[in-house]
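*Asks:* Questions regarding the structure given below will be posed in turn.
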Amino acid sequence: MKGASACSVLLLVVHLSLLNNALMVFAVDPTQGFTNVPLTPSSFIYQKPYNIPLEKRYSFNHGVRRFWVYANDLPFERGSNTRPRTEVQIKPDYTSGIWQFEGYAFIPHGTSGATIVQIHGAAQGNTTILLRIYNGDMRYYNGEVIATDLYDKWFKVNLIHNVDQGKVMVYINNVKKFESHDEGPGNLYFKCGVYGAPSDTSRYMESRWREIKIYKKES
């Protein structure tokens with residue numbers, strides 16, 4: 001009887017462990033309760049190396065926005081000491097409330113050391129969050145790994161910023177992967193594309209985006 005009892009306890013532990021793992025990867029709709037914010041062509045503001053025409057670093061065909069940059073490109077404006085980038089700022093800006101970015105991303109194999117999506121603005125520093133690709137994995141800045149094995153496939157990104165509670169969350173393919181405190185309120189907006197990290201960047205960096213949307217939760 002003791003053996004049977006021990007076996008039952010072991011099965012219960014295994015069951016609870018599997019249930020917990022299932023809950024951890026449970027997919028949800030992160031946009032539930034949010035309202036879509038209509039976007040127009042004027043909602044998209046582009047940055048690219050200042051000495052190169054936009055079409056040399058960006059294309060928009062069949063609903064796919066393609067951004068690329070080289071590690072030796074010049075910054076987005078003369079006199080800047082920032083790293084090379086080809087990005088789009090998506091309006092509207094915001095200073096309070098709960099806002100969300102959604103888009104499908106594709107990162108070609110070889111792109112590394114590149115920020116692909118961010119929230120710009122904060123009380124402390126220039127950004128609330130940067131999501132970077134290093135060797136096919138997504139990291140919070142150059143630190144915590146958020147998702148792995150992302151090369152050469154479309155994946156969905158939802159980035160939620162609750163300014164009033166000082167909280168930011170990341171969902172990948174409808175699964176919550178990351179949560180952190182923000183860096184305080186400021187003049188805030190979402191950006192995506194490619195922006196070279198301070199170090200360990202590949203010579204060529206590219207990201208593609210489709211179905212970009214902005215949401216807001218009404219109070």
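The values are calculated or read from the model by the stated rules, or taken from the named source; none is laboratory data. All values reported here derive from a predicted model rather than from experimental measurement. Here the Cβ positions follow ideal geometry from the backbone for every residue, glycine too, while neighbour counts run over all protein chains shown.
*Asks:* Can you find, within the range 200-215, the residue that is surrounded by the fewest Cβ atoms within 10 Å (Cβ to Cβ) among those that are among the aromatic types (Phe, Trp, Tyr) and under 23 Å from residue 113 (Cα atoms)?
*Replies:* 204
*Asks:* Confirm whether residue 181 is surrounded by fewer than 18 Cβ atoms within 10 Å (Cβ to Cβ) and within 24 Å of residue 35 (Cα to Cα).
*Replies:* Numbers: surrounded by fewer than 18 Cβ atoms within 10 Å (Cβ to Cβ): yes; within 24 Å of residue 35 (Cα to Cα): yes.
Answer is yes for this residue.
*Asks:* Considering the range 101-135 alone, what residues qualify as being closer than 16 Å to residue 209 by Cα and not β-branched (Val, Ile, Thr)?
*Replies:* Scanning the range 101-135 gives 101, 102, 103, 104, 105, 106, 108, 109, 114, 118, 131, 132.
*Asks:* List the pairs whose first member sits in the range 79-101 and is in contact (Cβ under 8 Å) with a residue 60 or more places away in the chain and more than 28 Å from residue 113 (Cβ to Cβ), whose second member is of a type in the set (Phe, Trp, Tyr) and loosely packed, with under 13 Cβ neighbours inside 10 Å, and whose Cβ atoms are under 7 Å apart, counting only residues at least 6 apart or on separate chains?
*Replies:* Close Cβ pairs satisfying both conditions: none exist.
*Asks:* Just the residues that are loosely packed, with under 14 Cβ neighbours inside 10 Å and of a type in the set (Ser, Thr, Tyr), please, taken from the range 29-58.
*Replies:* 35, 40, 42, 50, listed by residue number.
Matching residues to (1) of a type outside the set (A, V, I, L, M, F, W, C); (2) over 20 Å from residue 91 (Cα atoms):
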{"residue": "155", "(1), (2)": "no, yes"}
{"residue": "173", "(1), (2)": "yes, yes"}
{"residue": "177", "(1), (2)": "yes, yes"}
{"residue": "189", "(1), (2)": "yes, no"}
{"residue": "216", "(1), (2)": "yes, no"}
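*Asks:* Then there is this: Among the residues of the range 132-150, is there at least one that is within 20 Å of residue 34 (Cβ to Cβ), touching a residue at least 40 places away in the same chain (Cβ under 8 Å) and surrounded by 15 or more Cβ atoms within 10 Å (Cβ to Cβ)?
*Replies:* no
*Asks:* Here's something else I'd like to know. Can you tell me which of 97, 103 is touching a strand residue (DSSP E or B) at 6+ places or on another chain (Cβ under 9 Å), buried (at least 20 other Cβ atoms within 10 Å of the Cβ) and within 26 Å of residue 218 (Cα to Cα)?
*Replies:* Testing whether each residue is touching a strand residue (DSSP E or B) at 6+ places or on another chain (Cβ under 9 Å), buried (at least 20 other Cβ atoms within 10 Å of the Cβ) and within 26 Å of residue 218 (Cα to Cα) leaves just 103.
*Asks:* Another question, then. Within the range 11-70, work out how many residues are under 20 Å from the mean Cα position of the chain (by Cα), of a type in the set (Val, Ile, Thr) and at pLDDT 95 or above.
*Replies:* Selection size over the range 11-70: 6.
*Asks:* Determine which member of the set 217, 153, 176, 167 is of a type in the set (D, E, K, R) and within 14 Å of the chain's Cα centre (by Cα).
*Replies:* On inspection, the qualifying residue turns out to be 176.
*Asks:* Here are some conditions: (1) within 17 Å of the chain's Cα centre (by Cα); (2) outside any strand (DSSP E or B). Residue 80 meets all but one. Which one does it not meet?
*Replies:* In the conditions (1) within 17 Å of the chain's Cα centre (by Cα); (2) outside any strand (DSSP E or B), residue 80 misses (1) alone.
*Asks:* Sort out which residues of the range 113-131 are in contact with a Gly (Cβ under 8 Å, 6 or more places away or on another chain), of a type in the set (Gly, Ala, Ser) and not in a strand (DSSP E or B), and write them in order of number.
*Replies:* 113, 121, 122, 123
*Asks:* Then there is this: Residue 89 is checked against (1) within 19 Å of the chain's Cα centre (by Cα); (2) assigned to a loop (DSSP other than H, G, I, E, B) and fails just one. What number does that condition carry?
*Replies:* (2)
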